[in-house]
Each structure stands twice: as structure tokens, then as C-alpha cells.
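Sharing a structure here in C-alpha cells format.
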Amino acid sequence: MTVADPVDRLLATARGEPVNEPFRVTGVMVQYYYVCKRELWFESRNLEIDRENATVVRGTRVDETAYSDKRENLHLGMISLDLLDDGRVVEVKPSSTLTEPAEMQLSYYLWYLDRVADIQRDGVLAHPRERKREPVELTTERSEKVETAIRGIHDIVSQSSPPPAEEKPFCDSCAYHDFCWC
Amino acid sequence: MDRNYHVFSDGRLERSDDTLRLVPDDDGDKQYIPIENAEAFFLHGQIDFNTRLMSFLNDRTVALHVFGWEDYYAGSVMPKRGQTSGKTVVNQVRAYEDSQHRRQLAAAIVKGSIHNMRTNVVYYNGRDHDLDSVIEDLEAAAARVDESLPIDELMGIEATAKKAYYRSFNQILPSEFQLTQREYNPPPNEINSLISFGNSLVYANCVSAIRATALDPTISYLHEPGERRYSLSLDIADLFKPVLADRVLFRLVNRNQISESDFETELGSCLLNEAGRKTYTKAFEEMLERTVEHPTLNRKVSYQYLMRLEAYKLKKHLLTGEAYDSFQRWW
Ligand code: SF4
């Protein structure tokens, strides 16, 4: 079966229906779509990243330690998300800059749960460093934004070349930095 | 930074908890070598090791480069990388099989190699040496490099350039160290021996650099794949030999830090002895640690890291189609 719309293709892939060209979107791909489209392209090609990179290590550590006592990790097809003990989906961010990427990653999880597994949940965006939590709800508007992002992601990753490098303030802490600029 | 450790003594290398221990044959003191930040171990002596050590090095993605007595580089034991990349290898092979693409990459390598030879000659020209004719020959060779030429012609141009380049050695170096002819196995005199040893160190470092990128080290463009085990390393090493090995050689010889007592000569072969290898290796490692401001990374990078970047550049080219410009010394 050939499915034209990337959103339908993603849903068919997630539900295990036969599709000619499976299309997967992970949470981190949604995040990169808002952070840097070149990084998204690299990520989609499974380019190895520099694990030694200090920022990557820092980001991972915050993720691993925050709320570790009451979190449950849920793997569901192409996504892997964290649930609080009250069942809300939590997305932890090392800092409060770049809120949109984190918010959209979380929105994507909520959308995915709803569309693929018919599970309706609310989300929490947590900044442990600042002791802040913001509720995130899957409104119609957010749903549409998620679907627009999925189509945008599809456009980027189906190009044979990545978008050209553009210097951004966070390039210095990007795991692809040297690969990108060498 | 990623460090190389050179082991010159004979003995046994073993795992001892989370470090490595060298137990010398001559009942000397045991040495503990930290494995943190180790890029590779270079074994110059007769070393025993077991599978326990191998899996330890594999876990820590540290390579072993084995240096033999006669032919210097004998082989490498490479860690399996956690992230091998099928896609990278597929693209590497595609570029190799597309003869236009292969020529384009081979030409870029030859161009860079000649450029880097020329930079050395220009540096010594004017310092009491008249090397104008060598520079002319190198420029003539560089002008002939063209992406439409078959590989053997590109190889031929590089060989011609090298011949001209080695002519300059006799002027740059004192009269007791003359390079009458470049010969390999075994090297017949001191200079040949120094060139061979230096080149094998560059080669092994390129093997390490390639390993870090999930490129397949056996698929190459200028050299024929499989010609020697890691032919991609031969491609990349060509770019770095003048910058690393030859500069170390000129410096050591011209400052009398290497003398005839650093060699063992017998039956037409001349090999660096242990003292000579130690001196050379020390200067070579210092060269690897030197840094230079990188034009696009906006920071200083070590000469050693330049080899890693070269592998990144090639990989990026193969996966993204963005242009590959070979490393040409810019400072
Ligand atoms: S270094 Fe900058 S441009 Fe390159 S992938 Fe990272 S964020 Fe994007």
C-alpha cells in the first residue's frame, strides 16, 4: 500500500500496518527539527556522535538523575518516554532556553500516545535546575502543530543532502560540531 | 587529548584492574599505564598479551599498533567499534565503483599531498638552500593533476612529485645524511630508515583516526583497496607525511639529535635501533601535540586531531555529497 501523507505513513508504520516505505520519527528528531534542521538530517542518518562532548554528557546526566525515584520508562514503537507516578508524561530539560523544542517533543509524545495507542495523557515540562514544571496539554492546535512538524521532518530527512551549515549560538555545544564544520 | 603510548621494552602487557601493567622481561619494575584518554598503544618490543587484555582494550576502544624490527609497521589490532555504520561503508564502496567519483577523490588526495610537500620545500628554500628547481617541478606536477585522469596516472604524478621532493632532502640535510635513492625493504641507509619509520608512525595514526569514524579502512581511492590491509590509511597518510614525519626528520637530523649511533647497519640494511626509535618517537609525539588555529572550527586543534578531521571530512562528503577538499597545510 502506498501512502502519500507522511503523517499517515508514520501512523501506519507505528501500528505495524504494511507500508512500502516505513517512516519513523523519534522524539529527538522532533526536538532537532526546532533546534537545527541540519542536526536533524544527521540524526536521521544515524551518524555517530561524539559521546565525549561535554554538553551531551551533561544533558544525559540531568535526564538520568532527575526524578529517578518516581519515573517509569515506557517504550512504545518509535518513542521512548518517561511517565511520572501519576501517569503524566514528563520531559526533562537541562535548561529553560530552547523551550519550544522540548515542548514540541513532549507534544509529539502525547500526540503519538493518542493516535497510535488511544491513550490520552497530559504532559509536564520539567526544569529540575530551576525547580519549575509546566503542564502541557494536547490541544487541537498543538496536534496540528505536531502534524505540520512531522511533514516538515519528512521533507528534511528525504533530501539527499543536509541543509547547509549555519552558525548558531548552540553550535559550540552540539555533538556534531566538528563533523559539521570540518 | 587522545594519547599514544609507546612501549619499547620486551615483556608482558596485561590488564590489572582498570589499568594496564607492563611486566618487563628483565625483572625490572612493573609499570602501570593509565588507559584513560589512550588512543593507541604502539608496541616496539617483543610483547606478550592475552585475550583478557584484548577485550579490555576493545571495551575502551584502544588500538594496538605492532611495530616489527625490520619493516617497522607490522600490523594493528583494532577494537570493534560500538557503532559500525553499514551506510557509511555502502557509500564508500559506491564512490569507489563510480570511476569518476573515485578519480575525483584520488585527485584531491594527490593535490593535497603535493601541496604539503611543496610547503616544506618553500620553508627551507631561502634558508641558504636553492630549491627553486624542486619547487618548479612540484608546481608542474600539481598542474597536471586532473580529475579526469585514470588512477595510475594520478599515482604516477604523485611519484614524480615525490622524486623531485626527495631531491631537496640532500640540500636540506647535512652531507653525512644523504638520500641517494628512496628504498624501502630494508632501508639501505639512515635517511631511508628515518623516512620509513616516520611514515609508519603516520600510517598507524591514520589507522587510529579512521577507526574513530566508522569508515572502513580497507576501502580507498588513490591506493587500490586491499593493496595493503588498511589502504584508506595509505591515502590519508600521504597528506600528512610531509607535515609530520618529514618535519620531525629534518629537525632531528639538522639539530644533531640523531646520529649514526642511533642505527644498526648490516648487510645493506640500516635500521633505527631502540635509542634512535625512542628519540624519533618522542619528537614525533611532540609534533602530534602541536596545535594550530582551525579556520572553520574556531578553535585550536592538535596536529593529531587533524587526521581525525580528515576522516570526518571524507565521511561527511560520502554521506552528504558536500565537497571534499583534502587537507592542505594552511599555516
Ligand atoms: S554544529 Fe550547529 S549547524 Fe551543525 S548540526 Fe550542530 S547545531 Fe546544527
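Can you tell me which residue in the range B:50-77 is surrounded by the fewest Cβ atoms within 10 Å (Cβ to Cβ), limited to those that are within 15 Å of the chain's Cα centre (by Cα) and at positive phi?
B:G75
Any idea which residue in the range A:20-38 is nearest to the ligand (Cβ to nearest atom), counting only those that are surrounded by fewer than 18 Cβ atoms within 10 Å (Cβ to Cβ) and either within 14 Å of another protein chain (Cβ to nearest Cβ) or of a type outside the set (K, R) (or both)?
Within the range A:20-38, the match that is nearest to the ligand (Cβ to nearest atom) is A:V28.
Residues in the range B:75-107 that are within 24 Å of B:S200 (Cβ to Cβ) and in contact with a Phe, Trp or Tyr (Cβ under 6 Å, 6 or more places away or on another chain): how many?
Summing the residues that are within 24 Å of B:S200 (Cβ to Cβ) and in contact with a Phe, Trp or Tyr (Cβ under 6 Å, 6 or more places away or on another chain) in the range B:75-107 gives 2.
I'd like the full set of residues that are surrounded by fewer than 16 Cβ atoms within 10 Å (Cβ to Cβ) and either more than 8 Å from the ligand (Cβ to nearest atom) or among the acidic types (D, E) (or both), limited to the range A:166-182.
Passing the criteria: A:E166, A:E167, A:P169, A:D172, A:S173.
Separate question: What's the total number of residues in the range A:144-178 that are touching an Asp or Glu at 6+ places or on another chain (Cβ under 8 Å) and either more than 14 Å from chain B (Cβ to nearest Cβ) or of a type in the set (A, V, I, L, M, F, W, C) (or both)?
3
Return the only residue of A:R133, A:R71, A:R121 being at pLDDT below 95 and closer than 23 Å to A:D8 by Cβ.
On the way: A:R133 fails: closer than 23 Å to A:D8 by Cβ; A:R71 fails: closer than 23 Å to A:D8 by Cβ.
None of the others qualify; the one that does is A:R121.
Please find, among B:T291, B:T279, B:T265, the residue that is more than 30 Å from B:D10 (Cα to Cα) and more than 14 Å from chain A (Cβ to nearest Cβ).
Matching residue, one of B:T291, B:T279, B:T265: B:T291.
Give A:P94, A:P163 a once-over and let me know the one that is within 16 Å of the ligand (Cβ to nearest atom) and either closer than 23 Å to A:E17 by Cα or modelled with pLDDT under 90 (or both).
A:P94
Results for (1) more than 12 Å from the chain's Cα centre (by Cα); (2) within 16 Å of the ligand (Cβ to nearest atom); (3) at pLDDT 90 or above, shown as yes or no for each residue.
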residue: A:T13; (1), (2), (3): yes, no, yes
residue: A:R51; (1), (2), (3): yes, yes, no
residue: A:V56; (1), (2), (3): yes, yes, no
residue: A:D86; (1), (2), (3): yes, no, no
residue: A:L98; (1), (2), (3): yes, yes, no
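Moving on to the next point. On the basis of being of a type in the set (D, E, K, R) and in contact with a Leu (Cβ under 8 Å, 6 or more places away or on another chain), does B:E285 make the cut?
Against the criterion (of a type in the set (D, E, K, R) and in contact with a Leu (Cβ under 8 Å, 6 or more places away or on another chain)), B:E285 does not qualify.
Kindly evaluate A:T140 against the criterion of being free of Cβ contacts under 8 Å to residues at least 60 places away in the same chain and within 16 Å of the ligand (Cβ to nearest atom). Reasoning before the result, please.
Numbers: free of Cβ contacts under 8 Å to residues at least 60 places away in the same chain: yes; within 16 Å of the ligand (Cβ to nearest atom): no.
Here the answer is no, as A:T140 does not meet what is asked.
The values are calculated or read from the model by the stated rules, or taken from the named source; none is laboratory data. Worth saying up front: this structure is predicted, and the values here are computed from it rather than measured. Heads up, the Cβs are rebuilt from the backbone with ideal geometry, glycines too, and the neighbour counts pull from every protein chain shown.
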